[in-house]
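S.K.: Before anything else, here's the structure in question.
Every read-out reported here was derived from the displayed coordinates using simple, explicitly stated rules and does not represent laboratory data. This is a predicted model, so every value here is computed, not measured. No Cβ is skipped: glycine too gets one built from the backbone with ideal geometry, and neighbour counts run over all protein chains shown.
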Amino acid sequence: MSVAPPAAIEQRLSALVPRVRALRVTRGACRVVVAALGTTSAVLLVDAGFPLPAQVRGLFLSCWLTAVGVLAWRWVLVPWRGPIPLSEVARELGKHLPELGERLHAVVTDDPTAAPSAVRAAVAEDTARRTKVVDLARALPWGEVVRHAAVATATVLAVALTVTLVPGSSDRLRRVALPWHRTGTAAFRVVVTSGEPIVKRGGPVTLSAYPERTGAGASDAVLVTRDSPDAPETRHTMTGDGSGFHATVPRAAADFEYCVEIGPARSQWFHVSVIDAAELAEGTRTEIAAPDYARRPKRVIAGLADFDGLQFGTATFRLAFTLPVAAAHFDWRANGAGKSDLVPLALAPDRCGATGTFPFGASGTLRLVLVREADGKKLRTETALTVRVAQDEPPWFEELSGVTTRPRTVRPGARVPVRFVARDDMTVTGAELQYIVGPGERNGTAVPVPLTGAGAPRAVGHLDFDLAGTVREGDVVRFRLRLTDNRTVEALRLAPQEAYYPPIGWSEVRVQATAPPLDEQDIGCQRDATHEALATALGEVTELAAEIEALRTETAGRPALAGDQTVRLNGARETVRAGAGRLAAAARDVALTPELRALADGMRATAERHLLLAEDAVRRAETDDPTARKDALAAASSSLSEAGARLKNLIASNARLGRDRLDRAKLAALAAEQAKLAEASTEVAAALTRQRDLLARLGAVVADSDTLEHAVAGAKGEEVRGSRGRTLRTRGAPAIWTPPRNRPRRTPAPGSSRRSRAIWTPLPIGPGRCSAVRKRRPGWPVSRPRPRPTSAGSPTAPPPGGPWTRSRSWRSRRGRSIVSRRPSTVGRPSGPTRNSPPNNWSAGRTTFRPAIWPPSKRAGSRGSRTRRKRHFGPSKPRSTRPYWRSPFRPKRPRR
């Protein structure tokens, strides 16, 4: 029968279990460290005295790792993770308290055969009594645990210090720890990266190497070559670029060996094999064929060079080689593709030629790869060529009228004129107008549109879409245009390409009796659609400019962008890109009308220049450099501001063009009705009524347009002032002579002046005036002299037809020319002369004629080039008054 130990003894021994565990773990770790370092030191000493081969060092490393693992498991892991019985605690106490330890061990050991139960009970009572007066914790102090840990740590530090301070210890330790590592005699090892290449005969070969570790003397390298092991060596200096050393043998005529020397280190010998390469021979050609539907002749290019082709066409290669090849193929990589595709070639039986067909799909790079094999060695050569493929784009509209994206109204029985110009890079084959009456799409009808130039890249279509008999008032007709080209590729199951307008949806017209003219509605629809696109772009640009300015203020001086600021910049960049795309699309629609192409060019320039520049600036602003970010945001803000200003100008131009086009359309309609009225044979009363209606409509059109009002006012002024180049007769005035408008210039006669050329016309003058001003020919200055009153009934009054006026072309100091009129003087003939106007008139004793005709040749007189300088200052003496004379004051006679 077993006797259980007293509870007091069991409790006190259980309290010592953690201390015993720590003591054993520390002691075991110390033993493992000492054993590992001891064996390693022993092997290092042996290897230093007797260099061990790599196999022996590898075997030692394996045994060492195994022994260390076993000892660590036995001495560290088992005490740490396994249970510790009370008997082990008693045994540890026995090392310090032998007598008490034996008693405790006997009490806690459950061995019924050791002694009778009564004896064991007595021993347990005696042991319990003895342990009451003994402090068991002092028998197992924590100092022993610390002491073992300190010993292990000191051992490790000592070994590490030895390896660090003793020269060569690290290399020896690496030699034992890494048996596969080879140490050289130099401070670095030469690594040859070129290896043993195979090159074509007569071609260059580049050999390169680098030192594994940089040490003293690694700034120079030498390439050593030889033809055979017994041949003399040749040394070449290699060029270093920081990453290694390179040397190029310009012409490799035969096999040779080489090695690289860098300081005291030298690499092993490498072999360079030289093989004759297979090259393209005479007779190589490339046949380029367009697709069947293009109907273009085949082209033949001699040799293998860059070429162009049409999409869905083919290129047939017929290659000839100078030597037999082991393999041949093409590597094809399209522009932007991540990987290349292999295009096989069929070799000839003698392997001196090959044929292959390459289909055109996209532009890219084609590489001819030839593999030449000799003595078990293969030489690969490549020849690259660029392939440019023109894509077959769908047809498109160059000009279009009669179809809009906005709803319109049309009168019953009217016709919708549809005119367009279609383009395609190949051929425009057909066009049709598809229309649907009513809300459903099941009853659609297609009307072919006759084309002028069908079967050519450019075709013109015209169709008057007649709604008579098809619809009634209130019906809605939806229609669109469809274009087709001639693309047909049966092998790829490709049908002709199509293009629609509107691209999305239909153009709608509603039948209504009070509908305005269609051409005016088309102009309004184009104006409104363009205004909507420009206004949307302007709103986006304004918001983006405010956002960029806010980001510029928030990020000023900050080294890095916050997360929300980066998100806002990305959003701004995407918005700018999308806005530029929408504006460019709107510009394409506007360009369909020839009259608006200047406006479309402005929209396209704004999208491609200012908005894309703003996008690039926003992209550059995503940086951590505050200065660069500030400059980029400033550039973006400037580009957006300029784009906003240009959009405002475009909006104003669009409105102005819309008004002008509407005015022209209305005037054209009135002119057409006026022509019909002139040709119609109707009664006079009805014709007068229609004429009054047309005049009233014309007045309304003019009153609604500021431009037309200004034009009418200018026309009235021109009519009042008269016309040049013809004889004008007015009531109460004689015929007046005027020089022709396009009269050729003549060389003035000697002594005369070109400045005295005049324009003669009767101008109406008011009462009490004696002179008038006439508008000059463009570029001729005009002055307005001060009028003088005339006395009624004066014998020198002008004739009733109007005064003669003369405009001189020489300028005064104020930049104006003198305009005057005066009667003829005594002594001059009143009849016509060679240089005078055709007619003169007399009134009483005074004969009126143009002033100074012909110009006087006397020096200092009026009309002479030697005219005395006039004074126009504020205080003018009498002798220097400006040239002006009353027409009724007789000239002083000559002396």
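S.K.: Give the peptides 368-374, 384-390 in descending order of average Cβ contacts within 10 Å, highest first.
M.R.: On the way: 368-374: 18.3, 384-390: 15.3.
Top to bottom by mean Cβ count within 10 Å: 368-374, 384-390.
S.K.: In whole Å, what is the distance between the alpha-carbon centres of the range 216-285 and the range 453-496?
M.R.: 71 Å
S.K.: Answer rounded, prolate or oblate for the range 309-360, using the Cα gyration tensor with square roots of eigenvalues a ≥ b ≥ c: rounded when a/c is under 1.5, else prolate when a/b is larger than b/c, else oblate. Please report the intermediate quantities before stating the final value.
M.R.: Details: a/c = 3.28, a/b = 1.72, b/c = 1.90.
Verdict is oblate for the range 309-360.
S.K.: Something else: Is the C-alpha gyration tensor of the range 459-561 telling us rounded, prolate or oblate? Criteria: a/c under 1.5 is rounded; beyond that, a/b larger than b/c is prolate, otherwise oblate. Write out the running numbers ahead of the final one.
M.R.: Numbers: a/c = 4.06, a/b = 1.61, b/c = 2.53.
Oblate is the answer for the range 459-561, as a/c is 1.5 or above yet b/c matches or exceeds a/b.
S.K.: Loop-only GluC sites (Glu not before Pro) in the range 472-526, please: DSSP not H, G, I, E or B, and at most 12 other Cβ atoms within 10 Å. Kindly include the intermediate steps, with their values, before the conclusion.
M.R.: Values: sites: 473, 490, 498, 508, 520; in loops: 473, 490.
Passing sites in the range 472-526 are 473, 490.
S.K.: For the peptides 62-75, 604-617, 306-319, what is the packing order when you average, over each peptide's residues, the other Cβ atoms within 10 Å and list the highest mean first?
M.R.: Details: 62-75: 13.8, 604-617: 20.0, 306-319: 18.4.
Top of the packing list down: 604-617, 306-319, 62-75.
S.K.: If amide hydrogens are placed 1.01 Å from N in the peptide plane, which non-local residues have theirs closer than 5 Å to the one on residue 393?
M.R.: Amide H to amide H, under 5 Å and 5 or more residues apart or across chains, residue 393 pairs with 425.
S.K.: Moving on to the next point. Go through 652-660, 338-346 and give me the packing order, highest mean Cβ count within 10 Å leading. Let's see the in-between values first.
M.R.: Numbers: 652-660: 16.2, 338-346: 12.2.
Listed from highest to lowest mean packing, they are 652-660, 338-346.
S.K.: While we're here: Can you pull out the trypsin sites (Lys or Arg not before Pro) in the range 469-519 whose DSSP state is coil and whose Cβ has at most 15 other Cβ atoms within 10 Å? Let's see the in-between values first.
M.R.: Values: sites: 472, 478, 480, 482, 487, 493, 510; in loops: 472, 487, 493.
Here the trypsin sites (Lys or Arg not before Pro) that fit, given the DSSP loop and packing criteria, are 472, 493.
S.K.: Sequence-distant or interchain residues sharing an amide H contact under 5 Å with residue 281, placed H: which?
M.R.: Result for residue 281 returns 320, 321, 322.
S.K.: For the range 617-689, what class follows from the C-alpha gyration tensor (a ≥ b ≥ c being the square roots of its eigenvalues): rounded when a/c is under 1.5, otherwise prolate if a/b is larger than b/c, else oblate?
M.R.: Judged from the Cα gyration tensor, the range 617-689 comes out prolate (a/c at least 1.5, a/b above b/c).
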